[in-house]
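Chemist: Here it is, the structure, as structure tokens.
The values are calculated or read from the model by the stated rules, or taken from the named source; none is laboratory data. Remember, predicted model here, so these are calculated numbers, not experimental data. Quick reminder, even Gly has a Cβ in these numbers, built from the backbone with ideal geometry, and neighbours come from all protein chains shown.
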Amino acid sequence: MTYIDQSVKIQTYNLILGGKLKMKATGMIRSLDQLGRIVIPIELRRVLDIEIGDGLEFYSDDDSIVLKKYEPACIFCDNARDIRQYKGKNICGECYDLLKEKL
């Protein structure tokens, strides 16, 4: 059982596929509405720090759909900290400084 804070708790089950931990089942089920939408439970949004307006990336894996909070990363080193925009591209502060030195 995983405790999020003192007032909310989520029971999780580890799914082991091929000897590796792949995903955690929360036991929560949501229905798809007529427009193809689902509601992500508040407990999961809190745990994953997903706020209203945040982007989510969709991935497919065999017969599963995986959602991941979108966090822009550097196009050179894949670092997600200290991201800056340079000519429409995401670059971290470290790579930005290296580029400045070379230009």
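Residues are listed down the side, and each one gets a yes or a no for (1) in a strand (DSSP E or B); (2) touching a Cys at 6+ places or on another chain (Cβ under 8 Å):
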{"site": "LEU32", "(1), (2)": "no, no"}
{"site": "VAL39", "(1), (2)": "no, no"}
{"site": "LEU44", "(1), (2)": "no, no"}
{"site": "LEU67", "(1), (2)": "yes, no"}
{"site": "ARG81", "(1), (2)": "no, yes"}
{"site": "ASP97", "(1), (2)": "no, no"}
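Chemist: How many residues, within the range 50-60, are assigned to a strand (DSSP E or B) and surrounded by 10 or more Cβ atoms within 10 Å (Cβ to Cβ)?
Modeler: Residues that pass the stated criteria total 2.
Chemist: Here is a list: LYS69, LYS24. Which entry is touching a Phe, Trp or Tyr at 6+ places or on another chain (Cβ under 8 Å) and modelled with pLDDT under 85?
Modeler: One residue alone meets the criteria, LYS24.
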